[in-house]
Amino acid sequence: MLGIKEIEAIIPHRHPFLLIDCIEKVVPGVKATGYKAVTFHEPFFAGHFPQEPVMPGVLIVEALAQTGAVAILSMEENKGKVAYFGAINSAKFKKKVVPGDKLKLECEIIKQKGPVGIGKATATVDGKVAVAAELTFMIG
């Protein structure tokens, strides 16, 4: 289990843009599983939407990308580097994520050639898919 300090040692994101609370499992270069406890106090809820707080889908995708970045940047040859978005493909938003939800974030690296790779990413709440996407990254 990786906590915030261990995650911060791998990826450059910091509060308020670090969108994962812990990493339960990581296989460097292969996959990572993490969690985000979604609370009412998230700064984005003040404007999205005050009458019905919903976590923005783009931030769920970002949380998935950060989870994938933990997997790819845990590889010895990538330590100290940054993983950038190259593309977001086949994104499907299937369920609202609201305060009180525990978001499970999974990203499996399905292809990598040089500094470019693709991750298959899924965010679930209580076993139900909230977001699924294919994420392309570039390591720099």
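The values are calculated or read from the model by the stated rules, or taken from the named source; none is laboratory data. Since we're looking at a predicted model, the values are computed, not measured. Neighbour counts run over all protein chains shown; Cβ positions are idealised from the backbone, glycine included. Just so you know, the surface numbers come from the protein's heavy atoms only, side chains and all, with ligands and any DNA or RNA stripped out. Shrake-Rupley method; radii C 1.70, N 1.55, O 1.52, S 1.80 Å.
Here are some notes:
- Think of each Lys and Arg Cβ as +1 and each Asp and Glu Cβ as -1; about the Cα centre, that makes the dipole of the range 29-118 roughly 260 debye.
- Helix 57-73 axis, angle to the chain major axis (alpha carbon atoms, nearest 10°): 30
- Within the range 67-140: Cβ-based charge dipole about Cα centre, in debye rounded to nearest 20 (Lys, Arg +1; Asp, Glu -1): 260
- Look at the dipole of the range 1-138 built from charges on Cβ: of Ser74, Leu2, Asn89, the Cα furthest out on the positive end belongs to Asn89.
- Reach of Lys96 by Cα under 23 Å, taken over lysines that are not fewer than 8 positions away in the same chain: Lys36, Lys104, Lys120, Lys128
- Only protein atoms count toward the accessible area here, which uses a 1.4 Å probe; on the chain, the carbon and sulfur part of that area reaches 58 percent.
- Within the chain, helix-based [θ] at 222 nm, where runs of 4 or more DSSP H residues each add -39,500 (n - 2.57), nearest 500: -5000 deg cm²/dmol
- Divided by 2.2 N^0.38 Å, where N counts the residues, the Cα radius of gyration of the range 26-77 comes to 1.44.
- Chymotrypsin sites (Phe, Trp or Tyr not before Pro) restricted to DSSP loop in the range 34-140 with at most 11 other C-beta within 10 Å: Phe40
- What separates the Cα centres of the range 105-140 and the range 1-73 is a distance of 13 Å.
- From the largest down, the chain spans 46, 32, 24 angstrom on the principal axes of its Cα atoms.
- Environment charge at Met75 (Cβ cut-off 15 Å; Lys +1, Arg +1, Asp -1, Glu -1): +2
- The GluC sites (Glu not before Pro) found in the range 18-78 include none that occupy coil by DSSP while having at most 15 further C-beta atoms within 10 Å.
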